[in-house]
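A short worksheet on the structure shown next.
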Number of protein chains: 2
Amino acid sequence: MNIGDVAKRTAIPVKTIRYYEEIGLIRPLRDTNGYRAFRDKDLHKLAFLGRARALGFSIGDCRALMALYEDENRASADVKRLAQDHLHQIEDKIAQLRSMQATLNELVRACAGDSRPDCPILRDLASE
Amino acid sequence: MNIGDVAKRTAIPVKTIRYYEEIGLIRPLRDTNGYRAFRDKDLHKLAFLGRARALGFSIGDCRALMALYEDENRASADVKRLAQDHLHQIEDKIAQLRSMQATLNELVRACAGDSRPDCPILRDLASE
DNA sequence: CCTTGACCTTCCAGTGACTGGAACCCTTAT
DNA sequence: ATAAGGGTTCCAGTCACTGGAAGGTCAAGG
């Protein structure tokens, strides 16, 4: 299968697929014309990558997850630890965003939003 | 004031301050020896930037916010719109992260996390 | 047979917001 | 005189793509 069809099937952009090959996440064969020739295995890997990325795993994590997936002797504890670490990072990020959200909500609420220059948002940002 | 002291007072790294000058957010004077000479105005601007960045505003937004701050004839509506747009982006991001969090939580919960290879996390990522 | 259009290829550069490091200059104290 | 601890510039790297240019390949239609 050619890259365009793979992109459609996996919903991963062509550019991204080429990038994943460049960094060694996949290793599609080549046709005699130089086109990448994707096998089921490659499609499967890309789908795996797509789902892992959708869960916010970094490329490094994806690499580790794929290695674990392909290792028959893996311990699920290793996978779980990876996922838990990532989960904690997500939780931290959410907490951070919620703090920003709370402050911004308050500032937006307090701002008249009219044609006058007086603005609590700018006052807050400029506060000593 | 020299850059090191400014960094301490504003809690913005030296490298970042130099970067902010490079992209034109601040314009400190120079001493005869070539050192940057920060005035109160620069400190004030950096503090403003620090707070805006802490609320998650992009550098572009910060530029716009500083311009509005310095514009006596601004309309608070412009500031409010900027803040509201940003707030929406934050809300979107939170929603996205919470969705990841929910899925990951479920997967982590389902994973034994022992020495056996069987793993619901990998099963999910590999699912057709 | 030729052209057209839709594919495919590689390579280079840019994104955002820094961050690290090398190589070098200035100042102050010993 | 020298050493420590500032400061300076410039270049490269981060992360995960994304855009664009220049060019090769293929199938269909005239």
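On the basis of the beta-carbon distance and an R0 of 30 Å, B:ARG53 and B:ARG30 show a calculated FRET efficiency of 0.75. Over region B:75-128, the alpha carbon radius of gyration divided by the compact-protein estimate 2.2 N^0.38 Å works out to 1.92.
Working note: Karplus 6.51/-1.76/1.60 with θ = phi - 60° gives region B:39-45 the couplings 9, 3, 4, 5, 4, 4, 4 Hz, where Gly and Pro are set to x.
What are the trypsin sites (Lys or Arg not before Pro) within region B:21-59 that DSSP puts in a loop, where the Cβ has at most 12 other Cβ atoms within 10 Å?
On the way: sites: B:ARG30, B:ARG36, B:ARG39, B:LYS41, B:LYS45, B:ARG51, B:ARG53; in loops: B:ARG39.
Sites meeting the loop and neighbour criteria: B:ARG39.
The residue among A:MET100, A:TYR69, A:ALA37 whose Cα reaches farthest toward the positive pole of the charge dipole of region A:1-104, with charges on the beta-carbon of Lys, Arg, Asp and Glu, is A:ALA37. Amide hydrogen proximity for B:ALA37: with H placed 1.01 Å from N in the peptide plane, the residues at 5 or more positions away or on another chain lying under 5 Å are B:LEU29, B:ARG30, B:ASP31. What does the C-alpha gyration tensor say about the overall shape of chain A? Classify as rounded when a/c is under 1.5, otherwise prolate if a/b is larger than b/c, or oblate. Judged from the Cα gyration tensor, chain A comes out oblate (a/c at least 1.5, b/c at or above a/b). Kirkwood radius, the protein assembly as shown, all distinct C-alpha pairs, inverse of mean reciprocal distance: 22.1 Å. In straight-distance terms, cross-link reach from B:LYS93 covers every one of the aspartates and glutamates whose alpha-carbon lies under 17 Å from its own, apart from those fewer than eight places away in the same chain; here that gives A:GLU91, A:ASP92, B:ASP85.
Backbone amide hydrogens, once placed in the peptide plane, bring B:ILE26 within less than 5 Å of B:GLU21, excluding anything fewer than 5 places away on its chain.
Placing a label point 7 Å from Cα along the Cα-to-Cβ axis, A:TYR19 is separated from the same position in the other copies by 1.9 nm, shortest listed first.
Throughout, read-outs are computed from the coordinates displayed, never taken from laboratory work. From a predicted model like this one, the values you see are computed outputs, not experimental measurements. Cβ coordinates were reconstructed from backbone atoms using ideal geometry, including for glycine residues, and neighbour counts include every protein chain displayed.
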